[in-house]
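S.K.: Starting off with a structure, shown below.
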Amino acid sequence: MSKVPPRVLLAASGDLRLSANQVCWPAQLALEERLSDVLAGKWGVTVERIHPYSDDVKHGFLDSQRAGLEAFSKLDRKAPLIVAEAVWQYSHHVLGGLLHHEGPILTLANWSGQWPGLVGLLNLNASLKKAGKAYSTLWTETFDEDFFFDGLEEWLTSGSVTHDLSHVAPYALGSGEEESLGAKLASELRQKGAILGVFDEGCMGMYNAIIPDELLFPIGIYKERLSQSALVFEMTRVTQAEAEACYAWLEAEGMTFHTGPNPATDLTKDQILGQCRMYIAAARIADEFGCDALGIQYQQGLKDVAPASDLAEGLLNNSHRPPVLRGDGSEIRPGKPYTHFNEVDECAGVDGLMTALVHEHLGQPVENTLHDLRWADADRSGTTDEMVWVLEISGAAPPAHHVGGFKGTHGYRQPPMYFPSGGATCSGVAKPGEIVWSRIYVAEGVLQMDLGRGTVIELPAEETKRRLDSTTPVWPIMHTILHGVTRNQMMARHASNHIQVAYAHSSLHADQCLKAKAAMAHHMGMKVWICGVKV
């Protein structure tokens with residue numbers, strides 16, 4: 001056994017938004033204190049932060065790419081380094097420094113749903129994977145479980161952590177009807193071509209969510225690079241009457257908006273009307289440029305001049321949605337979703353296009369969305385003995401996925417620390433049913449796809465509330481059991497903060513969709529992996 005190092009370095013990547021860093025700092029501090037106590041008490045290892053707490057901003061995060069580069073420029077590049085995360089973080093704050101680091105790297109998170117620390121961890125992991133940079137990863141719920149101790153000791157002594165990935169198998173192309181359909185759809189896509197409308201790339205430092213053009217060209221997918229300033233301008237061209245008609249349509253369908261008088265903390269009608277303008281403007285721009293799918297970055301820049309894009313995203317992803325008219329009075333894509341990929345995650349955009357094509361040809365629900373792989377916990381209601389994942393995303397979840405459709409869809413004000421201009425969420429509890437989950441990502445310089453199966457279950461109201469209160473109560477939630485994949489296997493393997501999901505009418509139909517989608521990805525030249533199930 002190699003000798004345990006006397007010290008390890010520690011970095012903490014944070015948000016770019018001061019309000020989020022300040023609110024979330026106590027959770028990060030608690031993680032770092034527990035980790036330091038464990039390393040010192042069990043192995044005699046000292047933790048040395050590479051950047052200090054700042055009295056001026058009242059947090060100790062690296063809060064910009066420049067801050068990260070300066071911190072990394074001063075450290076011993078051969079020393080073992082831990083990136084500890086209890087919060088959502090912008091990966092580019094530390095990515096540049098990590099790429100040049102020569103010592104062993106460990107990304108580590110506390111197992112908590114309070115802030116999206118696990119989501120931040122997965123985003124950073126996926127960014128490192130795309131860049132081809134070696135790293136290890138670990139997570140802990142109690143700081144004393146054998147899984148955590150064993151993994152930490154392995155990293156301290158060998159510089160790496162070994163995880164069980166026995167649930168993953170390379171896809172073997174079959175010869176059934178679904179495989180033939182996948183081949184046909186891949187060929188048609190390449191022949192016809194498809195366009196991703198991208199409103200400013202690189203949301204929140206998500207390097208992993210950007211697909212290089214040269215990987216898209218061979219599969220027949222191209223980017224239309226759009227500016228969010230154009231979206232804001234187009235919003236000004238939407239009339240008050242059009243915005244009011246969209247709002248009235250939503251209320252008539254039974255959607256509930258929870259409004260209040262103070263726009264700084266409450267949802268207001270003006271915010272909702274702004275979102276209706278964005279929905280109409282986005283659809284018109286996408287139609288003008290012939291886009292097949294659309295991604296709005298929202299976060300930086302747009303958050304300061306417009307309400308959240310989330311309601312617009314959820315509506316775009318729904319087949320049944322408020323009509324949007326062209327100048328000549330004709331309707332844009334009546335009765336069909338306009339596939340939207342949240343946070344301009346281009347991997348989700350390609351996945352969303354593929355999913356819609358496969359499900360349409362198989363007569364299955366075409367609505368699909370990404371979610372954050374937020375957190376998993378044992379069910380405390382006694383409904384199931386399985387580990388149940390909390391899948392949540394602030395936007396893009398279509399009302400068709402919710403219990404009761406629009407009648408079960410709620411608009412709550414987005415959390416002020418993330419969304420200063422407010423805006424309604426598109427929230428609801430996901431309906432029970434069978435799903436296919438997937439993720440496209442870049443690794444080893446090529447496009448790859450992981451696919452698996454899952455079941456969305458119904459949990460009692462008290463358990464749902466516990467899970468919402470443990471995460472972000474105003475966001476849509478999907479109670480999900482992933483087939484054949486343990487919690488730790490999913491975390492060790494998944495190459496993204498996001499996971500794509502789509503319903504099917506039955507287990508049989510979901511299996512057919514998975515086969516067809518895997519075959520389509522294979523014929524598009526992707527490396528395809530089946531997780532937890534056999535096809």
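Readers should treat all values here as calculations from the given coordinates under stated rules, not as data from a laboratory. Predicted model, so just to flag it, every value in this text is computed and none were measured. All Cβ positions, even for glycine, are placed from backbone atoms using ideal geometry, and neighbour counts span all protein chains on display.
S.K.: Which percentage, to the nearest 5, of the DSSP beta bridges contained in the chain is antiparallel? Walk me through the numbers before you get to the answer.
M.R.: Details: 42 of 79 bridges.
The antiparallel fraction comes to roughly 55 percent.
S.K.: Which of Leu39, Trp25, His93 sits farthest toward the positive end of the charge dipole of the stretch 7-158, with +1 on the Cβ of Lys and Arg and -1 on the Cβ of Asp and Glu?
M.R.: Looking along the dipole axis, the top candidate is His93.
S.K.: Scan around Leu294 for amide H atoms under 5 Å from its own, H built in the peptide plane at 1.01 Å from N, and keep only partners 5 or more places away or cross-chain.
M.R.: Residues meeting the criterion, in which the H sits 1.01 Å from N, are Gly197, His340, Phe341.
S.K.: Calculate, for Leu325 and Val4, the FRET efficiency according to 1/(1 + (r/R0)^6) with r their C-beta to C-beta distance and R0 56 Å; round to the nearest 0.05. Intermediate values should be presented prior to the final figure.
M.R.: Details: r = 67 Å, r/R0 = 1.20.
With a Förster radius of 56 Å, E is 0.25.
S.K.: On to the next question. Given a cut-off of under 8 Å on Cα pairs at least six residues apart, what relative contact order in percent is computed for the chain? Working shown, then result.
M.R.: Numbers: 1224 pairs, mean separation 87.3, N = 535.
About 16 percent, as a whole number.
S.K.: Pick out, in residue order, every one of the trypsin sites (Lys or Arg not before Pro) in the stretch 457-535 that is DSSP loop and has at most 10 other C-beta atoms within 10 Å; say none if there are none. All intermediate terms of the calculation are to be shown ahead of the outcome.
M.R.: Values: sites: Lys465, Arg466, Arg467, Arg487, Arg493, Lys515, Lys517, Lys527, Lys534; in loops: Lys534.
Answer by residue number: Lys534.
S.K.: Hey, with R₀ at 25 Å, roughly what FRET efficiency would Trp249 and Glu360 work out to, going by the Cβ-Cβ distance, to 0.05? Please report the intermediate quantities before stating the final value.
M.R.: Details: r = 24 Å, r/R0 = 0.97.
Efficiency, rounded to the nearest 0.05: 0.55.
S.K.: Which whole-Hz couplings ³J(HN,Hα) result when phi for each residue of the stretch 437-450 is put into the Karplus expression 6.51 cos²θ - 1.76 cosθ + 1.60, θ = phi - 60°, listed in order with x for Gly and Pro?
M.R.: So the Karplus estimates, Gly and Pro as x, are 10, 7, 7, 8, 8, 9, 8, 6, x, 9, 6, 9, 9, 9 Hz.
S.K.: Amide H neighbours of Val83 under 5 Å, at least 5 residues apart or on other chains, H built in the peptide plane: list them.
M.R.: It is Ala11, Leu106, Thr107, Leu108, by chain and number.
S.K.: Apply the Karplus parameterisation 6.51 cos²θ - 1.76 cosθ + 1.60, with θ equal to phi minus 60°, to every residue of the stretch 135-142 and state each ³J(HN,Hα) to the nearest whole Hz, in sequence, with x for glycine and proline.
M.R.: 7, 10, 9, 7, 8, 8, 9, 10
S.K.: Just want the answer: with Cβ charges of +1 for Lys and Arg and -1 for Asp and Glu, which residue in Gly68, Phe147, Tyr135 is farthest toward the dipole's positive end in the stretch 7-158?
M.R.: Gly68
S.K.: Okay, next question. Output the pairs from Lys3/Lys42; Lys129/Lys431; Lys269/Lys336; Lys133/Lys527; Lys58/Lys78 with a Cα-Cα distance over 23 Å in this structure; if there are none, say none.
M.R.: Working: Lys3/Lys42 14 Å; Lys129/Lys431 33 Å; Lys269/Lys336 27 Å; Lys133/Lys527 19 Å; Lys58/Lys78 30 Å.
As for pairs spanning more than 23 Å Cα to Cα, those are Lys129/Lys431; Lys269/Lys336; Lys58/Lys78.
S.K.: While we're on this one: Taking a Cβ-Cβ separation under 4.7 Å as the criterion for a possible partner, which cysteines of the chain have none?
M.R.: Lone cysteines by the Cβ rule: Cys24, Cys203, Cys291, Cys347, Cys426, Cys513, Cys531.
S.K.: Want the number for Ala30 to Lys534: 0.36 nm per residue separation, take away the alpha-carbon distance, what's left? If you can, show how the numbers build up before the last one.
M.R.: Working: separation 504, 0.36 × 504 = 181.44 nm, distance 4.15 nm.
Full-extension gain reported as 177.3 nm.
S.K.: Measuring from centroid to centroid over Cα atoms, what is the spacing of the stretch 1-66 and the stretch 301-319 in Å?
M.R.: Centre-to-centre (Cα) distance: 34 Å.
S.K.: If I model a spin label as a point 7 Å beyond the Cα along the Cα-Cβ vector, how far apart are those points for Ser160 and Ser227 in nm?
M.R.: Placing both labels 7 Å beyond Cα along the Cβ direction yields 4.7 nm.
S.K.: Which one, Thr339, Leu311, Ala283, projects farthest toward the positive side of the charge dipole computed for the stretch 237-349 from Cβ point charges (K/R +1, D/E -1)?
M.R.: My answer, from the dipole projection, is Ala283.
S.K.: Work out the FRET efficiency for Ala169 and Lys269 from their Cβ-Cβ distance, taking R0 = 45 Å, and round it to the nearest 0.05.
M.R.: On the way: r = 52 Å, r/R0 = 1.15.
Taking R0 as 45 Å, the efficiency between Ala169 and Lys269 is 0.30.
S.K.: If I fit a long axis through the Cα atoms of helix 146-158 and take the longest principal axis of the Cα atoms of the chain, what angle between them do I get, 0 to 90°, rounded to 10?
M.R.: Roughly 60 degrees between the two axes.
S.K.: Just to be sure I understand: of the beta bridges DSSP finds with both ends in the stretch 7-158, what percent are antiparallel, rounded to 5? Mind dumping the intermediate values first?
M.R.: Values: 1 of 19 bridges.
Around 5 percent of the beta bridges assigned by DSSP in the stretch 7-158 are antiparallel ones.
S.K.: Also, I was wondering about something else. Using a/c under 1.5 as the rounded threshold, could you call the stretch 465-507 rounded, prolate or oblate? The axes a ≥ b ≥ c are square roots of the C-alpha gyration tensor eigenvalues, and prolate needs a/b larger than b/c, oblate otherwise.
M.R.: Details: a/c = 1.80, a/b = 1.22, b/c = 1.48.
Oblate is the answer for the stretch 465-507, as a/c is 1.5 or above yet b/c matches or exceeds a/b.
S.K.: Could you work out the relative contact order of the stretch 7-158? I mean the mean sequence separation of Cα pairs under 8 Å and 6+ apart, divided by the number of residues, in percent. Please list the in-between numbers first.
M.R.: Values: 258 pairs, mean separation 36.4, N = 152.
Computed over the stretch 7-158, the figure is 24 percent.
S.K.: Stretched out fully, how many nm does the piece from Gln114 to Glu141 gain, at 0.36 nm a residue minus the Cα gap?
M.R.: Working: separation 27, 0.36 × 27 = 9.72 nm, distance 1.23 nm.
Result for the pair: 8.5 nm of gain on full extension.
S.K.: Which three numbers, in whole Å and largest first, are the semi-axes of the equivalent ellipsoid of the chain derived from its Cα gyration tensor as √(5λ)? Write down the numbers at each step before the final one.
M.R.: Working: eigenvalues 259, 149, 100 Å².
Over the Cα atoms of the chain, the semi-axes work out to 36, 27, 22 Å.
S.K.: Here's a follow-up. With only Lys, Arg, Asp and Glu charged, each at its Cβ (+1 for the first two, -1 for the last two), find how big the charge dipole of the stretch 358-428 is about the Cα centre; round to the nearest 20 debye.
M.R.: Values: 4 positive and 8 negative charges, 78 e Å.
It comes to approximately 380 debye.
S.K.: Find how many whole Å separate the alpha carbon centroid of the stretch 372-440 from the alpha carbon centroid of the stretch 449-472.
M.R.: Using only Cα atoms, the two centres lie 7 Å from each other.
S.K.: Let me ask something additional. Using a simple charge model, +1 on the beta-carbon of Lys and Arg, -1 on the beta-carbon of Asp and Glu, nothing else, what dipole does the chain show about its Cα centre, in debye to the nearest 20? Kindly include the intermediate steps, with their values, before the conclusion.
M.R.: Working: 44 positive and 64 negative charges, 121 e Å.
Dipole magnitude for the chain comes out near 580 debye.
S.K.: Also, quick follow-up: Nearest 10 degrees is fine. How inclined is helix 346-361 to the longest principal axis of the chain, computing both from alpha carbons?
M.R.: Approximately 50 degrees, to the nearest 10.
S.K.: If contacts are Cα pairs under 8 angstrom and at least 6 residues apart, what is the relative contact order of the stretch 371-421 in percent?
M.R.: 26 percent
S.K.: Moving to a separate point now. How large is the dipole of the stretch 284-372 about the Cα centre if only Lys and Arg carry +1 and Asp and Glu carry -1, each at its Cβ, rounded to the nearest 20 debye?
M.R.: Numbers: 6 positive and 15 negative charges, 63 e Å.
Approximately 300 debye in magnitude.
S.K.: In addition: Once fully extended, how much extra length lies between Thr486 and Lys42, figured as 0.36 nm per residue of separation less the alpha-carbon to alpha-carbon distance? It would help to have the intermediate numbers written out before the result.
M.R.: On the way: separation 444, 0.36 × 444 = 159.84 nm, distance 2.77 nm.
Taking 0.36 nm per residue and subtracting the Cα distance, the gain is 157.1 nm.
S.K.: Suppose we take every Cα in the stretch 7-158 and form the convex hull; what volume per residue is that in Å³? Present the calculation step by step, with values, prior to reporting the outcome.
M.R.: Details: hull volume 15.2 nm³, N = 152.
So the per-residue hull volume is 100 Å³.
S.K.: So, one more: Pairing the Cα long axis of helix 18-43 with the longest principal axis of the chain, what angle in degrees results, from 0 to 90 and rounded to the nearest 10?
M.R.: Rounded to the nearest ten degrees, it is 30.
S.K.: Pull up all non-local amide H partners of Arg7: gap of 5 or more, or a different chain, and H-to-H distance under 5 Å with H placed in the peptide plane.
M.R.: Close amide H contacts, sequence-distant or interchain: Thr46.
S.K.: Kindly identify the stretch 421-484 as rounded, prolate or oblate by the Cα gyration tensor criterion: order the square roots of the eigenvalues as a ≥ b ≥ c, call it rounded if a/c is under 1.5, otherwise compare a/b with b/c, prolate if a/b is larger, else oblate.
M.R.: Details: a/c = 2.77, a/b = 1.49, b/c = 1.86.
Oblate, since a/c reaches 1.5 and b/c is not below a/b.
S.K.: Go ahead and estimate [θ] at 222 nm for the chain from helices alone: -39,500 (n - 2.57) per DSSP H run with n ≥ 4, summed, over the residue count, rounded to 500.
M.R.: Numbers: 16 runs with 193 residues, N = 535.
The helix contribution divided over the chain gives -11000 deg cm²/dmol.
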